[in-house]
Amino acid sequence: MSPSQTLLQFLKREVLVDEHEVFHRTLREALVGSCDSVLDIGCGSGSPLRHISQHFSRSVGVDGYSVSIERSRAAGIHQEYHCMDLLEAGKHFAPKSFDAVVALDVIEHFEKPQGYQLLEMMESLARKRVVIFTPNGFLPQDEWDNNVHQVHRSGWEVYDFELRGYRVKGMSGWKPLRGDFAHPRIKPARLGSRLSILTEPFATRFPQHAFQLLAVRDMEAS
């Protein structure tokens, strides 16, 4: 492949993309083709797994807010649902009962000790892979949508996951370019979004500077 072809391929994959496309592609690459069953912890009403759940023979959503469960059920995201305290999922499902266990924008809603309990539980349930998606560091967020579970209670750094054997990639571009709910800080939003996307190749490779983190642990390797 010539240098110009290599550059064009890089631009198409990393720069000329839509909002959060890199995240969705990375999530797909981590799960589709290697995992046949998935447990979505804290699935909410519109889990990112909605783009790929049809690829799994078993797809289960768990959430502590019944309204979110009903919205997700209406959207047909998962085949099976359970409304429960998230930390109780380890008692409801048998050890190693899913190929993959994911928690996307969830762990930051727990105090740090409970967050580690969540990780231990997820690792006990996963045969192949655990996937975590969370802001890089503490990002304040209050209750919204009448859901007390939406408050952010902890911040997570790259080393929190690497010390447990996770591979960590940065997501959503350079950290200073985004704020509440990952919205661009620079206005107009379309310009802010594009600037953030342009920094994604840097943030992906240097996750300590990214706005969000995607952490993946291969349990078989463990």
Filter segment 7-38 for residues that are assigned to a helix (DSSP H, G or I) and modelled with pLDDT of 65 or more and give the result.
Glu21, Val22, Phe23, His24, Arg25, Thr26, Leu27, Arg28, Glu29, Ala30, Leu31
Sole miss for Ile197 among (1) hydrophobic (A, V, I, L, M, F, W, C); (2) surrounded by 20 or more Cβ atoms within 10 Å (Cβ to Cβ); (3) under 23 Å from Leu118 (Cα atoms); (4) more than 17 Å from the chain's Cα centre (by Cα) is condition (3)
Six or more apart or on different chains, Cβ under 8 Å: which pairs go from a residue in segment 63-78 that's closer than 8 Å to Gly44 by Cα to one that's in a helix (DSSP H, G or I) and modelled with pLDDT of 95 or more? Could you list them?
Asp63/Ile69; Asp63/Ser72; Asp63/Leu86
Residues in segment 128-156 that are within 30 Å of Phe56 (Cα to Cα), modelled with pLDDT of 95 or more and not hydrophobic (A, V, I, L, M, F, W, C) total 5
If only one of Asp142, Asp160 is more than 11 Å from Ile41 (Cβ to Cβ), without any contact (Cβ under 8 Å) to a residue 12 or more places away in the chain and in contact with a strand residue (DSSP E or B) (Cβ under 9 Å, 6 or more places away or on another chain), which one is it?
Asp160
Please indicate, with yes or no, whether at least one residue in segment 176-188 is over 17 Å from Tyr116 (Cβ atoms), modelled with pLDDT of 95 or more and part of a helix (DSSP H, G or I).
yes
Taking segment 202-222 and keeping only residues that are polar (S, T, N, Q) and either modelled with pLDDT of 95 or more or assigned to a strand (DSSP E or B) (or both), one is left with Thr204, Gln208, Gln212
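The values are calculated or read from the model by the stated rules, or taken from the named source; none is laboratory data. Since the structure is predicted, the reported quantities are computational estimates derived from the model, not experimental observations. For neighbour counting, all protein chains shown are included, and Cβ atoms are generated from backbone atoms with ideal geometry for every residue, glycine included.
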